[in-house]
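The values are calculated or read from the model by the stated rules, or taken from the named source; none is laboratory data. If you're wondering where the values come from, they're calculated on a predicted model, not measured in any experiment. A quick note on method: Cβ atoms are made from the backbone with ideal geometry, for glycine too, and the neighbour counts reach across all protein chains shown.
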Amino acid sequence: MNTGIISNRYAKALYAYALEEHSEDKVYSEMQILNRSFMEVRRLRFVMVSPVLSAKDKASLIYTAAGGDVSDPFKRFVRLVLKENRESFFHFMANSYIEVYRQEKNINIGRLITVLPVDDLVLKRLKKFISDRAVGSVDFQSKVDPSLIGGFILDIDTYRIDASISTQLNTIRREYERKNMKLV
């Protein structure tokens with residue numbers, strides 16, 4: 001079976017159960033922490049598929065990676081996943097749950113990437129600008145990336161405005177290489 005199908009089915013089932021238990025927000029934050037743990041600790045994925053660790057140890061590890069003090073729906077979900085031997089999909093399930101939650105709660109994702117930190121007033125005005133035009137709420141984050149050299153990148157869900165100098169330089173370089181290849 002396809003990884004996306006499996007993880008999406010489990011995520012939707014978890015969301016439905018968490019909604020019944022009125023803990024979908026808590027599970028959302030736990031899944032965000034778990035997702036971040038999988039991103040920061042790459043070996044966590046390999047440990048999940050290790051036959052050496054027992055299901056109890058894997059569950060304990062997942063609880064810790066999700067923030068430690070996790071909700072009952074999250075614990076029941078982890079036990080189910082381990083019982084069905086689907087632990088290799090935990091990372092994908094966390095991503096899928098986050099996506100399902102955002103769709104159900106109508107949350108848009110906005111991200112601003114700049115070379116230097118941006119003033120809080122500018123971030124607040126930008127978030128308001130996006131919120132006024134978006135359907136639903138906006139989860140807005142800012143990030144600093146010196147490799148942009150200058151300018152900014154603004155992501156809003158699937159849309160991207162890339163006004164960074166590094167992208168412009170790469171475009172010029174590719175165009176230069178393409179034109180010089182014709183001369184040779």
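What residue, among those in region 72-81 that are of a type outside the set (Asp, Glu) and surrounded by fewer than 19 Cβ atoms within 10 Å (Cβ to Cβ), is nearest to Ile5 (Cα to Cα)?
Leu80
In region 40-56, what residues are surrounded by fewer than 13 Cβ atoms within 10 Å (Cβ to Cβ) and not in a loop (DSSP other than H, G, I, E, B)?
Residues satisfying the conditions are Glu40, Arg43, Phe46, Lys56.
Being part of a strand (DSSP E or B) and not assigned by TED's automatic domain parsing to the domain that holds Tyr97, is that true of even one residue in region 129-137?
Yes, the conditions are met somewhere in region 129-137.
Run Thr171 past the list (1) among the polar types (S, T, N, Q); (2) within 20 Å of Asn108 (Cβ to Cβ); (3) surrounded by 11 or more Cβ atoms within 10 Å (Cβ to Cβ) and report the number of the one that doesn't hold.
Only one criterion is unmet by Thr171, namely (2).
Starting from region 157-175, keep only residues that are closer than 24 Å to Arg133 by Cα, then list their pairs with residues that are part of a helix (DSSP H, G or I) and small (Gly, Ala, Ser) whose Cβ atoms are within a distance under 9 Å, requiring at least 6 positions of separation or different chains.
Close Cβ pairs (under 9 Å, with a partner that is part of a helix (DSSP H, G or I) and small (Gly, Ala, Ser)) amount to Ser164/Ser147.
If the requirement is being in contact (Cβ under 8 Å) with a residue 12 or more places away in the chain, under 17 Å from Ile107 (Cα atoms) and assigned to a helix (DSSP H, G or I), which of these qualifies: Tyr28, Tyr17?
Step by step, each of Tyr28, Tyr17 is checked, and only Tyr28 is in contact (Cβ under 8 Å) with a residue 12 or more places away in the chain, under 17 Å from Ile107 (Cα atoms) and assigned to a helix (DSSP H, G or I).
Checking the condition of a type in the set (Val, Ile, Thr), at pLDDT 95 or above and more than 16 Å from the chain's Cα centre (by Cα), which residue from Val49, Val70 passes?
Residue meeting the stated conditions: Val70.
Across region 103-162, which residue is nearest to Lys12 (Cα to Cα) among those that are surrounded by fewer than 11 Cβ atoms within 10 Å (Cβ to Cβ) and of a type in the set (Ser, Thr, Tyr)?
The extreme case among them is Thr158.
Read through the list (1) assigned by TED's automatic domain parsing to the domain that holds Glu24; (2) modelled with pLDDT under 95; (3) among the small types (Gly, Ala, Ser), then give the number of the only condition that Ala59 fails.
With respect to (1) assigned by TED's automatic domain parsing to the domain that holds Glu24; (2) modelled with pLDDT under 95; (3) among the small types (Gly, Ala, Ser), Ala59 is out only on (2).
For region 82-98, give me each residue that is loosely packed, with under 14 Cβ neighbours inside 10 Å and part of a helix (DSSP H, G or I).
If the condition is that a residue be loosely packed, with under 14 Cβ neighbours inside 10 Å and part of a helix (DSSP H, G or I), then Lys83 is the only one that fits.
Name the residue that is nearest to Tyr101 (Cα to Cα), counting only residues in region 3-52 that are touching a helix residue (DSSP H, G or I) at 6+ places or on another chain (Cβ under 6 Å) and β-branched (Val, Ile, Thr).
Checking each candidate, the answer is Val27.
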